[in-house]
Amino acid sequence: MARGLADGRAIELRATRVPFVSATVVRAERPTSAKAGDTAIVLPNGDIEGFVGGACAETSVRIEALGCLERGASMLLRIVGESGEGEPSVDPVGQRTVANPCLSGGTLEIFLEPIIPPALVYTIGTSPIALALNRGAGLFGFDLRLVDELPVPMPADVSAVVVASHGRGEEAALTVASGAGVPYVGLVASRKRGEAVLGSLEMSDEHRQPIHTPAGLDIGAQTPEEIALSILAEIVALRPRLESDVDAHDLEHHDHKAAAPDIPAVETVVDPVCGMSVAAVAASLHVEHKGTTVYFCGPGCMQAFTASPDDYP
């Protein structure tokens, strides 16, 4: 995919809050079909738009890119031939080397960067605190939307709802947010009034659990801006985070983002012909055999299997 086309597609995906991985070839050692500067976009379903190598290279890119999306961490992927002679046995953090038996011979280095939509936060009301939240949300990297009432149905990837309407439509907003399973729901109110509002809601204790009132961490906030800061900090503190295979020290040096919604763990299977790991997604080459889906790294392995499936376990 040409850089201009890739940029245009990335803008489209960002606008529709679709997570993806940007893949860029940074080094290509001949013989390879890709060259430095080639780009592609990897979608959550494993589809690859663009070009960063042939079918076999795509197999490695797909499985590693989906892993990056799951972890929320970038990676330099090095794809080498089967022997991998001279390659380190342990890669540095943020780099991974995979041996691809189908590779034509050259080495590819591809930078994989997950692009995860910013946390979506709805704020109800036009109070000074609501307006202060709207001003400060950008500093936290949030996609904050100031509304009079919540959309029904709620988007699946809402991270937080803050009700700052000072008595207007609070019960309805809290009921919709908790019923939709929003991880954090904050009610801006005094402790006494907040408890009274919660007590008036006809919902189970389980649905009341994500509702925080008074909203925000206790930092002695008094002004609307300080209260907004305490609420945003509480959202950050309670947000789900992606698991990572690096320790706390490494977090200082590598990008690790908040969890992207609806990104399942990558399921991998083995190509029965060459033994490569393959992502078990519809975008990978596959055939149905005796009621089982068999996945392949490339067309050569798939053709070998379909020609004589009994030759393979």
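The values are calculated or read from the model by the stated rules, or taken from the named source; none is laboratory data. Here the structure is a predicted model, which is why all the values come from computation and not from measurement. When we count neighbours, we look across all protein chains shown, and the Cβ atoms used for this are built from the backbone with ideal geometry, even at glycine.
The table below gives the values:
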{"read-out": "Residue list for the stretch 187-220, restricted to those being of a type outside the set (D, E, K, R) and farther than 19 Å from Ile124 by Cβ", "value": "Gly199, Ser204, Gln209, Leu217, Ile219, Gly220"}
{"read-out": "Scope the stretch 1-32; condition under 13 Å from Ile110 (Cα atoms) and not β-branched (Val, Ile, Thr); matching residues", "value": "Ser22, Ala23, Arg27, Ala28, Glu29"}
{"read-out": "Residue, surrounded by the most Cβ atoms within 10 Å (Cβ to Cβ), within the stretch 116-146, restricted to residues that are touching a helix residue (DSSP H, G or I) at 6+ places or on another chain (Cβ under 7 Å) and β-branched (Val, Ile, Thr)", "value": "Thr123"}
{"read-out": "Pick from the stretch 91-109, criterion at pLDDT 80 or above and assigned to a loop (DSSP other than H, G, I, E, B), ranking: surrounded by the fewest Cβ atoms within 10 Å (Cβ to Cβ)", "value": "Gly94"}
{"read-out": "Test: Glu58 is surrounded by 21 or more Cβ atoms within 10 Å (Cβ to Cβ), under 23 Å from Glu267 (Cα atoms) and in the same structural domain as Pro101 (by TED's automatic domain parsing)", "value": "yes"}
{"read-out": "All helices (runs of 4 or more DSSP H) inside the stretch 120-214 with 2 or more residues being small (Gly, Ala, Ser)", "value": "128-136, 170-179, 191-200"}
{"read-out": "Given (1) part of a helix (DSSP H, G or I); (2) in contact with a Lys or Arg (Cβ under 8 Å, 6 or more places away or on another chain), number of the condition Ala36 does not satisfy", "value": "(1)"}
{"read-out": "Among (1) at pLDDT 95 or above; (2) surrounded by fewer than 12 Cβ atoms within 10 Å (Cβ to Cβ); (3) not charged (D, E, K, R), the one test that Gln222 misses", "value": "(1)"}
{"read-out": "Hey, Gly194 of a type in the set (Gly, Ala, Ser) and crowded, with 21+ Cβ neighbours inside 10 Å or not", "value": "no"}
{"read-out": "So Ala260, is it under 30 Å from Pro155 (Cβ atoms), in a loop (DSSP other than H, G, I, E, B) and modelled with pLDDT of 90 or more", "value": "no"}
{"read-out": "Members of the stretch 274-306 found to be of a type in the set (A, V, I, L, M) and within 28 Å of Ile41 (Cβ to Cβ), listed by number", "value": "Met276, Val278, Ala279, Ala280, Val281, Ala282, Ala283, Leu285, Val287, Val294, Met302"}
{"read-out": "Residue pairs meeting the criteria (Cβ under 8 Å; at least 6 apart or on separate chains; first over 21 Å from Gly186 (Cβ atoms), in the stretch 113-124; second of a type in the set (Lys, Arg) and not in a strand (DSSP E or B))", "value": "Pro114/Arg71; Pro114/Lys257; Ile115/Arg14; Ile116/Lys257"}
{"read-out": "Boolean, Ala156 is touching a residue at least 12 places away in the same chain (Cβ under 8 Å), closer than 18 Å to Thr16 by Cβ and not hydroxyl-bearing (Ser, Thr, Tyr)", "value": "yes"}
{"read-out": "Thr39 modelled with pLDDT of 90 or more and under 23 Å from Thr268 (Cβ atoms)", "value": "no"}
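A quick yes/no check of all residues on (1) touching a Ser or Thr at 6+ places or on another chain (Cβ under 6 Å); (2) in contact (Cβ under 8 Å) with a residue 24 or more places away in the chain; (3) in a loop (DSSP other than H, G, I, E, B):
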site: Ala265; (1), (2), (3): no, yes, yes
site: Val269; (1), (2), (3): no, yes, no
site: His286; (1), (2), (3): yes, no, no
site: Cys301; (1), (2), (3): no, yes, no
site: Ala304; (1), (2), (3): no, yes, no
site: Pro313; (1), (2), (3): no, yes, yes
